[in-house]
Amino acid sequence: MIMENPEHAVDVEIAERLRSLRTAQSLTIDQLAERSGVSRAMISRVERGEASPTAQLLSRLCTALGETLSAFFAFGRTSGDPLSRRGDQPLWRDPETGYERRAVSPAGTVSRVEVVEVAFPPGGRAAFPPETAKEGMTQHIWLFAGMLEMTVAGTTHRLQAGDCLFMSITEGHVFHNPGEATAHYAVILDRGRS
């Protein structure tokens, strides 16, 4: 029996989710490409499950679609169960940096807060553009282990284990792990007032 590659299964889910969000907004691939700055060819490859998108590319697509990465990775998890068991939490790995992202929060609840667990490899760097459409959304980066350099609005903050940085997601930011060990941290995202 051949076991399905779990990373490929996530790529298929990403493809379906991207296509679904785009078509729900009556956008063509060309329109999404124009909004996001991602090439038409790359969007098409992602939607067919032929390309594994990076965190930066997904962030640009989500911004253009008015979604957060956390909401994107919920993949229609609408149980409303207040308990999110670790084995059921979606895990995604960025093919470029090796960054691993686990959606920890229970899906389908009324909470404005989303919790994400991240393991960021040594030397990793990921830049996220400003998300001006998400005015009022904020996040905390709480570092559990390792080191992390966060550049927000031109200011670089060096975080050590136990440190927590607050910022608006409307500002562009860069994550960088300058250390020799994996940086393990939580992102606590507040979607703001509805």
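I'm trying to understand the selection: among the residues of region 181-194, which are crowded, with 16+ Cβ neighbours inside 10 Å and touching a Gly at 6+ places or on another chain (Cβ under 9 Å)?
If the condition is that a residue be crowded, with 16+ Cβ neighbours inside 10 Å and touching a Gly at 6+ places or on another chain (Cβ under 9 Å), then 182, 183, 184, 185, 190, 191 are the ones that fit.
Keeping to region 87-101, report how many residues are crowded, with 19+ Cβ neighbours inside 10 Å and outside any loop (DSSP other than H, G, I, E, B).
2
Inside region 47-62, can you point out the residues that are of a type in the set (A, V, I, L, M) and out of contact with any helix residue (DSSP H, G or I) (no Cβ under 6 Å at 6 or more places or on another chain)?
Passing the criteria: 55, 57, 58.
Please go through region 154-180 and pick out each residue that is open to solvent by 30 Å² or more (accessible area, probe 1.4 Å) and either among the β-branched types (Val, Ile, Thr) or in contact with a Cys (Cβ under 7 Å, 6 or more places away or on another chain) (or both).
If the condition is that a residue be open to solvent by 30 Å² or more (accessible area, probe 1.4 Å) and either among the β-branched types (Val, Ile, Thr) or in contact with a Cys (Cβ under 7 Å, 6 or more places away or on another chain) (or both), then 155, 156, 174 are the ones that fit.
Read through the list (1) surrounded by fewer than 16 Cβ atoms within 10 Å (Cβ to Cβ); (2) in contact with a strand residue (DSSP E or B) (Cβ under 9 Å, 6 or more places away or on another chain), then give the number of the only condition that residue 41 fails.
Result: residue 41 fails condition (2) only.
Suppose the filter is surrounded by fewer than 16 Cβ atoms within 10 Å (Cβ to Cβ) and in contact with a strand residue (DSSP E or B) (Cβ under 8 Å, 6 or more places away or on another chain); does residue 145 pass it?
Answer is yes for this residue.
Given the structure, is residue 117 farther than 19 Å from residue 56 by Cβ and more than 17 Å from the chain's Cα centre (by Cα)?
Numbers: farther than 19 Å from residue 56 by Cβ: yes; more than 17 Å from the chain's Cα centre (by Cα): no.
Considered against the rule, which asks whether it is farther than 19 Å from residue 56 by Cβ and more than 17 Å from the chain's Cα centre (by Cα), residue 117 comes out as no.
Residues of region 102-111 being open to solvent by 30 Å² or more (accessible area, probe 1.4 Å) and within 13 Å of the chain's Cα centre (by Cα), which ones?
First, pick out the residues of region 102-111 that are open to solvent by 30 Å² or more (accessible area, probe 1.4 Å): 102, 104, 106, 108-111.
Once the filter is applied, which keeps residues that are open to solvent by 30 Å² or more (accessible area, probe 1.4 Å) and within 13 Å of the chain's Cα centre (by Cα), region 102-111 yields 102, 104.
The values are calculated or read from the model by the stated rules, or taken from the named source; none is laboratory data. What you see is a predicted model; the values in this text were computed from it and never measured. Glycine gets a Cβ as well: all are built from the backbone with ideal geometry, and neighbour counts include every protein chain shown. The area values use the complete protein model at the heavy-atom level, side chains included, leaving out ligands, DNA and RNA. Shrake-Rupley method; radii C 1.70, N 1.55, O 1.52, S 1.80 Å.
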